[in-house]
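Notes to accompany the following structure.
The values are calculated or read from the model by the stated rules, or taken from the named source; none is laboratory data. A quick note: this is a predicted structure, and the numbers were derived from the prediction, not measured. Positions of Cβ are generated from backbone atoms using ideal geometry, with glycine treated the same way; all protein chains shown enter the neighbour counts.
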Ligand code: GCW
C-alpha cells in the first residue's frame, strides 16, 4: 500500500514535471486537458464517438478524434450507431452512415475536401455530426471540430460548412537530397532519404497530421534549386518517395517532386533537354509513366527554370511555355500538374523587378490547362515589404499560383519574432484592379476573378529536424497561418494568430491578448528596423543575416543593396515611374496612376517606386530623412517593448518555451540595433544631415559596420549548401 502510494506520488511528480517541460514538438495539436469549466461545458456534448468509415483516412480521423478528445476532455466512449446517446459525435460520409444521410445536410457546398459540422437531433438524442463528401473531408472536419474545443468556441449549436477556396495547397520543401535545407533555419531535412524506403520515421506521420490539420493537400519534397535533385527522379529514389507518399495518402496529401529541366541529360543519357526535341519529350512521357507506376497518386512537378543558374528551355531558344507544356503533356494522362515558377532572373539590363512579368506575360493563354505559373508574392524576392507581383491580375488566361516564403530568409530566420500572417493578408487583400475594384490578389489566386479551375498556393517550408520543427516556437505560427490562409485566403490574420496562441499556449485572455498584439505588430517592426518605406534587398552578404546598404559588389554592378536603394547625397529610392524603369506600367492603369505620384503612393512603398530627395515632405510633415531614421529607431524600440511584454508573461508559459523565446528576443534586439545603426551610419554618410530629436547617433562609425563579418546564425547548415550561392544574392 505504502509502496503503491509512493509510486503514485512519484508518477504525479513526473507528470507535473513533464507537463511543464514543453519542447514544442506537439505544435498546435497539443490536446492538453482543458480547464475544468470548459470540460464541464463540452464533455456532455462530446462523451462518445461513432466513426462510420473504414478506410485508412477514416482511421486517421478516428485516431485524431480519440487522441484529441482524450487529451482535452477525457477519453470518450466508442460506440456503434445503434447505441448512440446524447453527447455522441457521429463521424462519416452519408454513404457510410445512413443516419448521417437521413439528415440531408448541405454537403454540396463542402466539395471534395470540405466538411459540415452540425448539431442535430437523432432519435431524440442530441448529437454532433462531422461529415463530408469524402473521407478526407471528414478528416478535415475532425481537425476543425477539435480546433473549436482548443479555442473554446461554442459547440452546442454547430452549423458550419467549409470548403477550401484554393485547389492546390502546397508546402514546398527546399530540402536537398543530402538533407541540408536551402534557407532552412531549423536543422536538417526531416526526410531521411538514406533510411528510405526501408524505414519511415514516425515524425513523418506527425508532419502529415500537422499539414492535414490545416487542410494542406500537397507537399514538394525536393528543392527546385541545385544539381542533386535530378536523382530523385530515378527509380530507386522514386521508391523512397513512394514510402513517404504512403504515409501522406491517408491524410489527403499528395507528394510532388522538383523536376530539373536538364534531367533527361543527367539521368537519361540524352544529349539535349530541348523541350521541342522528340526524344526529350518521349523521355519525360516515359518518366511520367514510370513515376505513376510507382506513385499512383503523384501530384506533379515543381520547376525552377532559367533562374539563378538553373537550366531551362531558354538554353535552347525556347520559351517558358514550351518547357512547361512539354512536362504538362507528359503528366496530363495521369492527372499530374506542373507548377512552373515565375521567379526568374538573369543578368539583363532590365529593372530586376520587371523581369518575371516581362518574361511570362507574352505567353499568357499559351500554357496547358494543367500548368500553374507560380509567382512569389512580390516582383522581387520575398523582401520584408514589396508590392504584389503584377503577374497577379496581369495574366488573365493563365492559372497564376501564389508562392509565399514561410522560412524567414529575409525576416530574421528562426531568431526574430515575426508573424507573417499580416504580410500575407496584406498581399492577398491588395487590389489589382484587373477588372476594376474587387479584383484582389485573393480573387486571382482563388480563381474566381478569371474563372480559373486550377488554383494553387504554396509556402516555402520552415521546418526541419529541430525538435520544435521550426527552430523557434513563434515560427510555428507561420506554418499554421500559411495553412489556414491556403484553405481560406479571406481569413483574418489576427483571428488566425488568436487561434494559434490558444492552441499552442493557453486560452487565458491575460496571455492571449498581449501575445496576439506582439505578433500583429511584429512584421511592421521588422520592416522598420530593416527596410522601411519600401526599401528592399539591403542585406550584407550571401547569408542575408545583417545589414549592408553600402554593398556594391565589385564586378557585379547590379542586384546588390546599392542597386536597390540608389541612395546618394541627393536622396534615396528607385524611380520606377515613366522617368525611371517604368515598372509601374506592369500594373493595371488605376494602380499605375496611383504609383506614378509620390503623393498618392502608399507611404510604406514610397522608396520602392520613387527616388526622392532627403528633404521630401512626408504626410506627417516630417522630412523623408527624419521619417526614415525615426522608423529605423522605432523598430528597435518596438523590439524592446516586445521583450518587456514577453518577460511579463513568464507565469503563463512553461520554462522551455519561455526561455527560447526570451533568448531569441534578446538576440533580435541586438540584431535590430545593428540594422538600425549600420543603415543610419551609411545613409547619414550620404545625406550629411543631423539625426532627428530623440534618436542617438550610431554606436560606431560607418567603417566599423562595413568591416563587420557577421557569423552565420546557428542551426542552418543548408544555408550555404546550394551551388550558385555566391552568384545569386
Ligand atoms: O530568395 C532566393 C533564395 C534562394 C532560393 C530562391 C528561389 C530556392 O535566396 O535560396 O532558391 O529565392 O526562390 O528560387
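Answer with yes or no whether residue 407 is more than 14 Å from the ligand (Cβ to nearest atom) and either surrounded by 21 or more Cβ atoms within 10 Å (Cβ to Cβ) or in a loop (DSSP other than H, G, I, E, B) (or both).
No, not satisfied.
Among the residues in the range 45-60, are any part of a helix (DSSP H, G or I), touching a strand residue (DSSP E or B) at 6+ places or on another chain (Cβ under 9 Å) and within 23 Å of residue 125 (Cα to Cα)?
Yes, the range 45-60 has at least one match.
Residue under question is residue 477, and the condition is that it be within 21 Å of the chain's Cα centre (by Cα), without any contact (Cβ under 8 Å) to a residue 60 or more places away in the chain, closer than 30 Å to residue 180 by Cβ and not in a loop (DSSP other than H, G, I, E, B); does it hold?
yes
Kindly establish whether residue 554 is in a loop (DSSP other than H, G, I, E, B), at pLDDT 95 or above, out of contact with any strand residue (DSSP E or B) (no Cβ under 8 Å at 6 or more places or on another chain) and more than 16 Å from the ligand (Cβ to nearest atom).
no
Is it the case that the range 89-101 has a residue that's without any contact (Cβ under 8 Å) to a residue 24 or more places away in the chain, in contact with a helix residue (DSSP H, G or I) (Cβ under 7 Å, 6 or more places away or on another chain) and over 17 Å from residue 145 (Cβ atoms)?
Checked against the condition, which is being without any contact (Cβ under 8 Å) to a residue 24 or more places away in the chain, in contact with a helix residue (DSSP H, G or I) (Cβ under 7 Å, 6 or more places away or on another chain) and over 17 Å from residue 145 (Cβ atoms), the range 89-101 yields at least one hit.
Do you know which residues across the range 349-394 are surrounded by fewer than 23 Cβ atoms within 10 Å (Cβ to Cβ), under 23 Å from residue 534 (Cα atoms) and more than 13 Å from the ligand (Cβ to nearest atom)?
349, 350, 351, 354, 355, 357, 358, 394
Quick check on this structure: which one of 261, 298 is surrounded by 24 or more Cβ atoms within 10 Å (Cβ to Cβ) and away from the ligand (no atom under 16 Å from the Cβ)?
Result of the check over 261, 298: 298.
Just to be sure I understand, how many residues within the range 192-227 are assigned to a loop (DSSP other than H, G, I, E, B) and either surrounded by 22 or more Cβ atoms within 10 Å (Cβ to Cβ) or within 16 Å of the ligand (Cβ to nearest atom) (or both)?
Count: 10.
Could you grab me the full set of residues in the range 336-347 that are surrounded by fewer than 24 Cβ atoms within 10 Å (Cβ to Cβ) and in contact with a helix residue (DSSP H, G or I) (Cβ under 9 Å, 6 or more places away or on another chain)?
336, 343, 344, 345, 346
I need the full set of residues from the range 369-404 which are outside any loop (DSSP other than H, G, I, E, B) and at positive phi, in order please.
393
Among (1) away from the ligand (no atom under 16 Å from the Cβ); (2) more than 20 Å from the chain's Cα centre (by Cα); (3) touching a residue at least 40 places away in the same chain (Cβ under 8 Å), there is one condition residue 148 misses while meeting the rest; what is its number?
Unmet condition: (3).
Just the residues that are touching a strand residue (DSSP E or B) at 6+ places or on another chain (Cβ under 6 Å) and assigned to a strand (DSSP E or B), please, taken from the range 560-582.
Residue satisfying the conditions is 571 alone.
Residues are listed down the side, and each one gets a yes or a no for (1) within 28 Å of residue 419 (Cα to Cα); (2) modelled with pLDDT of 95 or more:
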position	(1), (2)
344	yes, no
349	no, no
356	yes, yes
360	no, yes
379	yes, yes
391	yes, yes
394	no, yes
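Could you grab me the full set of residues in the range 660-672 that are under 17 Å from residue 528 (Cα atoms) and without any contact (Cβ under 8 Å) to a residue 40 or more places away in the chain?
Passing the criteria: 669, 670.
Among (1) away from the ligand (no atom under 16 Å from the Cβ); (2) under 17 Å from residue 324 (Cβ atoms); (3) surrounded by fewer than 24 Cβ atoms within 10 Å (Cβ to Cβ), where does residue 273 come up short?
So residue 273 meets the others, but not (3).
Testing residue 241 on (1) within 15 Å of the chain's Cα centre (by Cα); (2) surrounded by 24 or more Cβ atoms within 10 Å (Cβ to Cβ), one condition comes back false. Which one is that?
Unmet condition: (1).
Out of the residues in the range 412-431 that are surrounded by fewer than 23 Cβ atoms within 10 Å (Cβ to Cβ) and either under 29 Å from residue 337 (Cβ atoms) or modelled with pLDDT under 95 (or both), which is nearest to the chain's Cα centre (by Cα)?
Of everything passing the filter in the range 412-431, 425 is nearest to the chain's Cα centre (by Cα).
Looking at the range 614-635 only, could you name the residues that are touching a strand residue (DSSP E or B) at 6+ places or on another chain (Cβ under 6 Å) and crowded, with 19+ Cβ neighbours inside 10 Å?
Within the range 614-635, 614, 624 meet the criteria.
Yes/no per residue for (1) farther than 30 Å from residue 581 by Cβ; (2) touching a residue at least 24 places away in the same chain (Cβ under 8 Å); (3) part of a helix (DSSP H, G or I):
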| position | (1), (2), (3) |
| --- | --- |
| 598 | no, no, no |
| 604 | no, yes, yes |
| 627 | no, yes, yes |
| 631 | no, yes, yes |
| 656 | yes, yes, yes |
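Are there any pairs, at least 6 apart or on different chains, whose C-beta atoms fall under 6 Å, with the first in the range 318-347 and within 16 Å of the ligand (Cβ to nearest atom) and the second in a loop (DSSP other than H, G, I, E, B) and at pLDDT below 95, and if so, which?
Filtered contacts from the range 318-347: 343/307; 344/306; 344/307.
Step by step: first the residues of the range 169-179, then only those that are assigned to a loop (DSSP other than H, G, I, E, B) and under 22 Å from residue 341 (Cα atoms), then the one that is farthest from the ligand (Cβ to nearest atom). Which residue is that?
Residue satisfying both the conditions and the ranking: 177.
Name every residue in the range 424-440 that is farther than 16 Å from residue 394 by Cβ, in contact (Cβ under 8 Å) with a residue 60 or more places away in the chain and touching a strand residue (DSSP E or B) at 6+ places or on another chain (Cβ under 8 Å), in order of residue number.
424, 428
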